[in-house]
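Accompanying notes for the structure given below.
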Amino acid sequence: MNATIAMITFRAMLGRRRAVLLFALPLLLAVLAALMRVLDASDLDTAAAVLHGFGFAVLLPLLALIAGTGVIGPEIDDGQIMYVLTKPIPRHTVVLTKLAVAIALVTVFAVVPILLTGLLMAGGTAQLAPAFAAGALAGGITYTAVFVALAVISRNAAVIGLLYVLVWESLLGNFAPGARSASIQQWALSVTDALTPTSYVHASVDLPVAAPLLVAVAAAGAVLAVVRLRSLSVVAAE
Amino acid sequence: MTTSTIHDIGYRRYEGRRLGRAYVLRSLFVHNLRAAFGLGRPARSKVMPFLLGLIVLVPALADVGAVSITHRPELLIHYSAYPIQVQVIVAIFLAAQAPVLASRDLRHHTVPLYFSRPVGHLDYVLAKVAAMVTALFALMAVPVTVLYAGGLIAKVPHRADHLGHYLGALVGCALFAVVLAAIGTVVAAFTPRRGFGVAAVIAVYLLPTVFVRLVQAIAEERTDFTLEAWMGLFAPFNLVDIVQVRLLGAPQTATGIPPGVTGGLVALAVCAALAGGSVAVLYARFRKAGLS
């Protein structure tokens, strides 16, 4: 970890108008929760549907994508990463620092809002809120590691990430059960499933399978990012 | 103390024929349309638009194949439903390519270079939006045309009806393209940082869509069909489907469709407001860009 790199990355992510986007996403989740309250539809079923359908399927991957690709992608693109790489700082420190910043952002802008929304909608019933928050944290870390690795590998990281999240996890997941089992969203959901007794949350993968997969994929993402950053060739921005 | 003088070294005005506004518009339009598909750029810029164009074709080809093998014409996807069924791919295309058109000039501070030539601010913006609309229209119209042509080859009955539905669906595709391009280019013009534009555009499409769907599901559960129908105005694809169903006579695909011609006219008005508002906002944005 390197405090200076962390500070620069935070400033790049939250500076100027960029923070607006990060604030707007969880705000909509809160509006949705408040609307359910007004409509008097805050039962456990709806709470689970909203937290899964909006929190897990949209908010978490989208924020992880913004944070994961945003901490390193633009710097590689415009060549500024050279100013960091030419300093005597090990590459794994650079990657791990940026990863930590991205995870912190995901925690603040996705995990905490999911926890608060859960508390607002379901209260303390069935430990729904903490269970979803724990799942979101586990999934968020893995998503972020994957997207950081993607951002180091490819310039189209954001689009590839979207294809994975929207086409593989959401679209194919509805048709092919196999695709559903091989998705970070389902692994995160299995963490939630294991922590809450309600039957409204159902993951297609069991926790003993999902937990090692979450850890393994996150570690693989981080390692891949370090390896690729070691031999990064900077080409001129398009 | 030195005195400076300006020497007349024979500067001359250009007094020949000028190519005019139409030429400017056409050049900018063609340039932007090529940029939307990565043409005239390195291969890595072409990968994504063409990959997405291929993915969007796959369901149509598979469907045409299924119809011609099984000889069951009812399997043919409704032309007007196709863009809605592949909406995620269309949205990703928009998210990937809208920043290419709308943010690149801002990011590299090249906007003043355009306006130091006889290019009007409005022409510049109109060319960009029109190019994005054309690219999106092509993306959706090609698979719809494949469906229609496949249907003809497989000899589906009621040919005259099919032609009508097909032409209606093409109008629908154009409307989808206008609404999406209006939203996408505005969002991209305000997020010049690379990667952020993609995420911002997809967020602006995805969040309202999922939000509306969740509220609609709950409204349906409580048999509040009025709320369910009118919520449809807030999700881009549902909005255009309202126009398709109410004004173009297409079968319903999206969830919330307000009743009567009124519903259709309101939806059409929202589409028009989106398009007009988008051009106005972009005009204001690019007029100031690069001058600070």
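No lab work stands behind these numbers, since they all come straight from the coordinates. On a predicted model such as this, the values are computed, not experimentally measured, just so you know. For neighbour counting, all protein chains shown are included, and Cβ atoms are generated from backbone atoms with ideal geometry for every residue, glycine included.
Things worth noting here:
- Principal-axis analysis of the Cα atoms of chain A puts helix A:112-122 at an angle of about 0° to the longest axis.
- Packing rank of B:130-139, B:40-49, where each peptide gets the mean count of other beta carbons within 10 Å, highest leading: B:130-139, B:40-49
- Per-pair calculated FRET efficiency, R0 = 22 Å: B:R34 and B:A62 via Cβ, rounded to 0.05: 0.15
- For region A:3-230, the equivalent ellipsoid derived from the Cα gyration tensor has semi-axes of 31, 20, 15 Å, listed largest first.
- Tilt relative to chain A, helix A:207-230 - C-alpha long axis, 0 to 90 degrees, to 10: 20 degrees
- Placing R0 at 22 angstrom, the Cβ-Cβ distance between A:D43 and B:T226 gives a FRET efficiency of 0.45 after rounding to 0.05.
- The angle between the Cα long axis of helix A:60-70 and the main principal axis of chain A comes to about 10°, on a 0 to 90 degree scale.
- Partner chain coverage, peptide A:28-37 - average Cβ within 10 angstrom: 2
- Contact order normalised by residue count of region B:48-134, Cα under 8 Å, 6+ apart, percent: 29 percent
- Largest-first principal axis extents, alpha carbons of chain B, Å: 90, 45, 34
- Trypsin sites (Lys or Arg not before Pro) restricted to DSSP loop in region A:1-100 with at most 12 other C-beta within 10 Å: A:R16, A:R17
- Shielding by partners - mean other protein chain Cβ count within 10 Å, residues of B:201-207: 6
- Reported to the nearest whole Å, the Cα centre-to-centre distance from region B:127-182 to region A:140-173 is 30.
- Building the convex hull from the alpha-carbon atoms of region A:72-178 and averaging its projection over directions returns 8.7 nm².
- Kirkwood Rh and Cα Rg combined as Rg/Rh, the protein assembly as shown: 1.00
- Take every Cα pair under 8 Å whose residues are at least 6 apart in sequence, average their separation, divide by the length of chain B, and the relative contact order is 22 percent.
- A simple packing score, the average count of other Cβ atoms within 10 Å per residue, orders the peptides A:2-8, A:122-128 as A:122-128, A:2-8, with the highest score first.
- Amide proton proximity set for B:A250, modelled H, under 5 Å, gap of 5+: B:V245
- Region B:170-248, relative contact order in percent, only Cα pairs under 8 angstrom and at least six apart counted: 31 percent
- Only helices reaching 15 angstrom along their own axis (Cα) with mean Kyte-Doolittle hydropathy no lower than 0.5 count here, and for the DSSP H runs of chain B these are B:43-70, B:87-102, B:121-153, B:159-189, B:196-221, B:236-247, B:260-288.
- Put a dot 7 Å past the Cα of A:L172, heading toward its Cβ, do the same for B:L122, and the two dots end up 4.8 nm apart.
- Rounded to whole Hz, the Karplus (6.51, -1.76, 1.60) HN-Hα couplings of region A:71-86, x for glycine and proline: 6, 10, x, x, 5, 5, 4, 8, x, 5, 4, 4, 5, 7, 5, 7
- Summing Lys and Arg as +1 and Asp and Glu as -1 over all other residues whose Cβ lies under 12 Å from the Cβ of B:R34 gives a net charge of +2.
- Residue-wise HN-Hα coupling along region A:184-192, computed from phi with Karplus coefficients 6.51, -1.76, 1.60 (Hz; x: Gly, Pro): 4, 4, 5, 5, 5, 5, 5, 4, 4
- Here the peptides A:129-138, A:179-188, B:272-281 are ranked by packing, the mean other Cβ count within 10 Å, and the order with the highest first is A:129-138, A:179-188, B:272-281.
- Each of B:A217 and A:A6 was given a label point 7 Å from its Cα along the Cα-to-Cβ line. The distance between the two points is 3.8 nm.
- With a Förster radius of 35 Å applied to the beta-carbon distance between B:D8 and B:R104, the computed FRET efficiency rounds to 0.30.
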